[in-house]
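S.K.: The structure follows.
The values are calculated or read from the model by the stated rules, or taken from the named source; none is laboratory data. What you are looking at is a predicted structure, and each value in this text was computed from that prediction instead of being measured. Here the Cβ positions follow ideal geometry from the backbone for every residue, glycine too, while neighbour counts run over all protein chains shown. The area values use the complete protein model at the heavy-atom level, side chains included, leaving out ligands, DNA and RNA. Shrake-Rupley method; radii C 1.70, N 1.55, O 1.52, S 1.80 Å.
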Amino acid sequence: MPQKMATNPLQSLPLHEDGRFIAPGSADPADPSQAVSLNPATGQPLGAVRLDGPRELEATIERARDAFLRWRSVPAPQRGEVVRRIGNALREHKDALGALVCLEVGKIASEGLGEVQETIDIADYATGLSRMLGGRTMPSERADHRLFEQWQPLGPIGVITAFNFPNAVWGWNAMIAAVCGDTVVWKPSLLAPLTAMATNAIADKVAREMGHEGVFNLVIGTDDMVGRPMVADARLPLISATGSTAMGRQVGQVVAARLGRSLLELGGNNAVIVEPDADLDLAVPALLFAAVGTAGQRCTTTRRLIAHEAIVGPLLERLIDAYERAPIGDPMDPGTLVGPLIHDKAAQAFDAAVTKAIAQGGTVLTGGTRADVALGGCFVCPTIIRAPQGNTLPIASEETFAPILYVFSYRNLDDALALHNGTAHGLSSAIMTTNVRASERFLSPAGSDCGIANVNIGTSGAEIGGAFGGEKDSGGGREAGSDSWKAYMRRQTCTINYGASLRLAQGVRFG
Ligand code: UN1
């Protein structure tokens with residue numbers, strides 16, 4: 001059953017609490033003190049927000065620092081209780097928040113709701129984690145000594161998010177940071193400020209009502225006025241940033257120069273290898289969701305298909321058919337599978353990539369053009385481009401945030417793996433096969449070089465229980481589940497002498 005959206009999410013969400021919100025009628029893109037939020041499906045303003053500058057950033061960091069001094073001493077399971085209630089508040093607002101995600105970034109209904117569900121899931125995960133932030137105990141070489149490590153809160157942390165997951169990526173960071181005893185300063189994308197305002201207000205209200213003001217903070221501003229000074233600020237010991245590789249390179253260098261920590265979740269150029277024995281009934285829908293879902297605007301989107309030459313023909317035939325039947329249009333319409341691109345620049349990047357691919361010898365098998373949707377936004381047709389003989393297609397090494405799938409074929413798995421790993425990014429990957437030798441090879445040290453490696457599912461749609469992130473130009477950070485929480489805490493090694501004599505390690509005698 002296609003899911004239906006809440007009709008007027010702006011009415012029921014807490015957007016008016018902090019005086020930042022500007023109604024659509026007063027939204028003015030020419031006013032430099034505003035960020036106007038446009039509905040990408042229609043190009044019409046949903047509203048605007050008053051932009052923060054360095055003064056507001058300073059006050060926000062100070063508020064987060066003050067709150068940290070109190071929050072760090074709240075027992076972790078009590079912090080978990082705050083996060084549990086935030087999860088419940090998100091459940092109450094799930095329909096409206098999901099609808100706002102759809103309106104603001106053009107996701108289809110099911111994906112907008114799925115995104116909020118991802119935040120609810122991480123809140124549940126973090127609640128449990130709040131009772132499991134344990135360190136190890138090691139045997140001491142000295143008699144009557146205990147050697148162990150414990151994890152301490154780190155400080156106020158800076159979270160920078162991209163437009164495409166305007167709710168869940170904050171959740172991965174903020175829910176884990178909060179149970180770890182950190183406070184959060186969130187700088188969202190200026191393309192999705194309303195989702196950020198509503199999300200932060202929901203979390204902040206729960207925390208405030210429980211006596212914990214200042215744990216969840218929002219600062220909305222441009223990169224120059226807010227982003228750069230925030231990244232350079234030594235009061236934020238960790239900067240967790242999601243965005244392009246170019247952005248991550250800058251953030252990483254600035255944070256490293258002040259010996260801070262960064263957690264970078266950057267782009268991907270994810271591939272799916274399809275072996276000759278693959279179950280095409282699985283491969284076709286897996287590829288369709290991973291390559292076309294979110295109109296190709298996930299960092300985990302499948303951008304390259306590496307198909308064995310024995311099946312590339314039948315696979316493409318079925319895939320093209322599925323592509324051509326995917327309804328493109330209003331994301332609020334329950335039948336739609338492909339919504340708009342975020343803005344005109346993204347659509348221009350799509351056009352440019354298609355033009356380059358053709359110039360480089362690629363063949364457009366389907367799509368390649370703008371879609372005929374008369375709503376006002378930028379819609380493109382899901383596109384499949386086959387690489388020329390010899391598999392040389394330089395444009396396929398670039399991440400274009402649009403639904404373009406480049407197709408390569410191969411004869412043996414070694415060649416497929418070389419092609420697979422032969423890009424700068426290393427985020428997500430998958431193999432479709434019913435052959436255990438091929439899947440194990442893919443998961444071996446000589447297989448996929450990515451942070452995420454899947455078998456018989458696509459590259460996107462990861463669960464929060466695992467650590468999320470990638471290698472190489474994908475940034476190396478890990479967020480969400482597993483032991484990603486360690487990035488949000490400082491490790492402390494402790495030795496306790498419970499004997500009556502002073503014993504030195506390594507057998508040293510002194511005096
Ligand atoms: C992103 O695109 O930045 O695995 C995050 C996925 C989602 C998260 C994507 N759970 O596709």
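S.K.: With a 1.4 Å probe and every protein chain kept in, tell me what percent of the accessible surface of the chain is carbon plus sulfur. Working shown, then result.
M.R.: Working: 10800 of 20930 Å².
That fraction is 52 percent.
S.K.: Right, another one. Mind checking the angle between helix 54-71 and the chain's longest principal axis? C-alpha axes, 0 to 90 degrees, to the nearest 10.
M.R.: 50
S.K.: Ok, one more. Can you give me the accessible area per residue for the chain, using a 1.4 Å probe, in Å²?
M.R.: Details: 20930 Å² over 511 residues.
Solvent-accessible surface per residue comes out at 41 Å².
S.K.: Further question on the same structure: With no solvent and one equal point scatterer per Cα, compute the Debye intensity ratio I(q)/I(0) for the range 270-455 at 0.10, 0.17 Å⁻¹ and report its log10, rounded to two decimals.
M.R.: Once normalised to I(0) and log-transformed, intensities are -0.36, -1.05.
S.K.: What list of ³J(HN,Hα) values in whole Hz, one per residue of the range 432-445 in order, does the Karplus curve 6.51 cos²θ - 1.76 cosθ + 1.60 (θ = phi - 60°) give from phi, with Gly and Pro shown as x?
M.R.: My calculation for the range 432-445 gives 10, 6, 10, 9, 5, 5, 5, 5, 5, 4, 4, 8, 7, x Hz in order.
S.K.: Given that compact globular proteins tend to follow 2.2 N^0.38 Å, what is the ratio of the alpha-carbon Rg of the range 176-282 to that value?
M.R.: Working: Rg = 18.2 Å, N = 107, 2.2 N^0.38 = 13.0 Å.
Dividing the Cα radius of gyration by 2.2 N^0.38 Å gives 1.40.
S.K.: Under 15 Å from the Cβ of Ala295, count the other residues' Cβ atoms, weight Lys and Arg +1, Asp and Glu -1, and hand me the total. Can you show the working numbers first?
M.R.: On the way: positive: Lys107, Arg298, Arg303, Lys345, Arg370; negative: Glu104, Glu111, Glu115, Asp330, Asp333, Asp344, Asp351, Glu399.
Value of the local net charge: -3.
S.K.: Turning to a different aspect of this structure: Taking the Cβ-Cβ separation of Asn8 and Asn497 as r and a Förster radius of 60 Å, what is the calculated FRET efficiency to the nearest 0.05? Let's see the in-between values first.
M.R.: Working: r = 65 Å, r/R0 = 1.08.
After rounding, the FRET efficiency stands at 0.40.
S.K.: I'd like the orientation of helix 193-209 relative to the chain: the angle between its Cα long axis and the longest Cα principal axis, in ° from 0 to 90, rounded to 10.
M.R.: That works out to roughly 30 degrees.
S.K.: Could you give the length gained by full extension between Arg146 and Glu58, i.e. 0.36 nm per residue of separation minus their alpha carbon distance, to one decimal place?
M.R.: Details: separation 88, 0.36 × 88 = 31.68 nm, distance 4.24 nm.
That pair, Arg146 and Glu58, stretches by 27.4 nm at full extension.
S.K.: Ok, one more. Taking amide H positions as placed 1.01 Å from N in the peptide plane, with prolines and chain starts having none, which residues 5 or more places from Ile22, or on another chain, fall under 5 Å of its amide H?
M.R.: HN-HN under 5 Å from Ile22: Ala48, Val49, Arg50.
S.K.: Could you give log10 I(q)/I(0) at q = 0.08, 0.13 Å⁻¹ for the chain, computed by the Debye formula over C-alpha point scatterers of equal weight, without solvent?
M.R.: -0.52, -1.24
S.K.: Where does helix 312-325 land angle-wise versus the long Cα axis of the chain, in degrees 0 to 90, nearest 10?
M.R.: Rounded to the nearest ten degrees, it is 90.
S.K.: Going toward the positive end of the dipole of the chain, with +1 on Lys and Arg Cβ and -1 on Asp and Glu Cβ, which of Pro327, Ile61, Val159 do you reach last?
M.R.: Of Pro327, Ile61, Val159, it is Ile61.
S.K.: Here's a follow-up. Can you give me the relative contact order of the range 1-142 as a percent, contacts being Cα pairs under 8 Å and 6 or more apart?
M.R.: It rounds to 27 percent for the range 1-142.
S.K.: Run lengths n ≥ 4 of DSSP H only: what is the helix-derived mean residue ellipticity at 222 nm for the chain, with -39500 (n - 2.57) per run over all residues, to the nearest 500? Walk me through the numbers before you get to the answer.
M.R.: Values: 14 runs with 180 residues, N = 511.
Calculated mean residue ellipticity at 222 nm is -11000 deg cm²/dmol.
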